[in-house]
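The values are calculated or read from the model by the stated rules, or taken from the named source; none is laboratory data. Owing to the predicted nature of the structure, the values given are computational and were not obtained by experimental measurement. All Cβ positions, even for glycine, are placed from backbone atoms using ideal geometry, and neighbour counts span all protein chains on display.
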């Protein structure tokens, strides 16, 4: 049987950087092959190379052979790729909005591939879209994230490809929609018999859909085998660290998640008399716990006025246009309380109202009715850490200017001279384990993890009255996500920060929060301690969220 894809000795160099180094693997028809690894490991570069998207690019040198359904192709030359790309090889990307033409209806987009309205309707039904006629008349921006991803899958499969490339197709989706999309992809590849190259940093996703996985590190495959064997019993130390870093509902809340990142934990441990050489041994033995990083009287809610209180908050938005505008209720009598020093996670599916609550708490939206009270007697202002740090940091400002801007707008900053402000900035960077040299860099010159740390440093350069986090780890790979969660936990305890953490990830919620609040369709359905979510969550909706979590 001819392989769906065969990659032989593939190497890719970007000017002076080797992105992919002598990679070889084969995908059989009907097989799902996973590429896993941290950001920058070379996963997406391989995905681009096997589509011939790196041909003739200035500064890019490609070597090796890519064979699609028996046709050998040169990834360094455009010759032969036109009849393959978009036909025998199709792709489902992480962000469907970047792939769907915003000026065209779904019907027109799908019609270009399917050929007729009847066939377009059939493919929408195939990917379990309930009202295909309505969707065909809709533009991409009028659909939810999950619906857009289903349309992308329909567009990719309508070509009946030999190879489907799925590049992080569920990263930005909530757990329920993620489970649906993964089930859909598995069913369709079995029916069509196409091979699937599945690119992901989520080991739970890889475990759920992939037959085989290859673990990439710095462009090289360090471990390769069946998914069950590789992820259950990893042999390579790098793979072991990835597996240890993965958050589950059983992750130990009493100590840092994953292997502690040396730069973060060492700096915190040094201040508490824990020697650098003892860190990994103590972590492995289980003797390194959060009590080693904070004073005994810190952490958890305290009596007195809450840091944040929402009482009977309602919110609606106008939708539609051209004389057909109407109001859509988003929040219904929401009551939410975040205690002093307490961390509360707000979880629910996309469209449940999580981000609207956060925006109201930040003062970016005003409720229609109800009361919002933020205790401003401690800290200076409310600060928000967003999902996309790159989009929230002004690109033409240096890190020094970004931090100084925040510091200069506070009472604390006004009382400091130039040298004291500089020292304050360096302390803020030390808190998030970044070197002082970063002060002169701009966001574009930093990695994704570094940008997220800068965003955190900016938020806590002067401790705020309330820290609001909007999905700050959802787009990060497992190691970076654990690092950011550990960092937020350490800062929360060290600085006594109250926190509202918005997420669709119940495992992250359990690690970061004292209490988890579940919201559905704009209404809070339950509030439970985070110690044992499996036992604490009792609502039907909450149980559905738990059932959708990948083990």
Practice problem: Report yes if residue 272 is modelled with pLDDT under 85, more than 19 Å from the chain's Cα centre (by Cα) and crowded, with 18+ Cβ neighbours inside 10 Å, otherwise no. | Solution: no
Quiz item: Only one residue in 185, 155, 163 is over 24 Å from residue 133 (Cβ atoms) and either in contact with a helix residue (DSSP H, G or I) (Cβ under 8 Å, 6 or more places away or on another chain) or surrounded by fewer than 21 Cβ atoms within 10 Å (Cβ to Cβ) (or both), so which one is that?
Solution: 185
Quiz item: If you go through segment 127-163, how many residues are under 28 Å from the mean Cα position of the chain (by Cα) and outside any helix (DSSP H, G or I)?
Solution: 9
Quiz item: What tally of residues in segment 194-235 results from selecting those that are modelled with pLDDT of 90 or more, assigned to a loop (DSSP other than H, G, I, E, B) and out of contact with any helix residue (DSSP H, G or I) (no Cβ under 9 Å at 6 or more places or on another chain)?
Solution: 2
Exercise. Answer with yes or no whether residue 75 is modelled with pLDDT of 85 or more, assigned by TED's automatic domain parsing to the domain that holds residue 173 and either surrounded by fewer than 20 Cβ atoms within 10 Å (Cβ to Cβ) or part of a loop (DSSP other than H, G, I, E, B) (or both).
Key: yes
Exercise. Can you give me the number of residues within segment 469-483 that are in a strand (DSSP E or B) and surrounded by fewer than 24 Cβ atoms within 10 Å (Cβ to Cβ)?
Key: 1
Quiz item: Of all residues in segment 520-532 being in a loop (DSSP other than H, G, I, E, B) and in contact with a strand residue (DSSP E or B) (Cβ under 7 Å, 6 or more places away or on another chain), which is modelled with the highest pLDDT?
Solution: 522
Practice problem: Find the helices (runs of 4 or more DSSP H) located wholly in segment 374-459 whose residues include 2 or more that are at pLDDT 85 or above and within 20 Å of residue 491 (Cβ to Cβ), and list them. | Solution: 399-408, 418-431
Quiz item: Picking from 185, 203, 216, which residue would you name as being within 20 Å of residue 145 (Cα to Cα), in the same structural domain as residue 39 (by TED's automatic domain parsing) and touching a strand residue (DSSP E or B) at 6+ places or on another chain (Cβ under 7 Å)?
Solution: 185
Quiz item: For segment 501-519, how many residues meet the condition of being modelled with pLDDT of 90 or more and more than 12 Å from residue 344 (Cα to Cα)?
Solution: 1
Quiz item: Would you call residue 19 modelled with pLDDT under 90, assigned to a strand (DSSP E or B) and touching a strand residue (DSSP E or B) at 6+ places or on another chain (Cβ under 6 Å)?
Solution: yes
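Return the residue satisfying two criteria in turn: it lies in segment 96-120 and is within 14 Å of residue 153 (Cβ to Cβ) and not in a helix (DSSP H, G or I), and of such residues it is nearest to the chain's Cα centre (by Cα).
This residue is 99.
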Quiz item: Limited to segment 338-373, what total is found for residues that are modelled with pLDDT under 85 and either farther than 25 Å from residue 174 by Cβ or surrounded by fewer than 19 Cβ atoms within 10 Å (Cβ to Cβ) (or both)?
Solution: 2
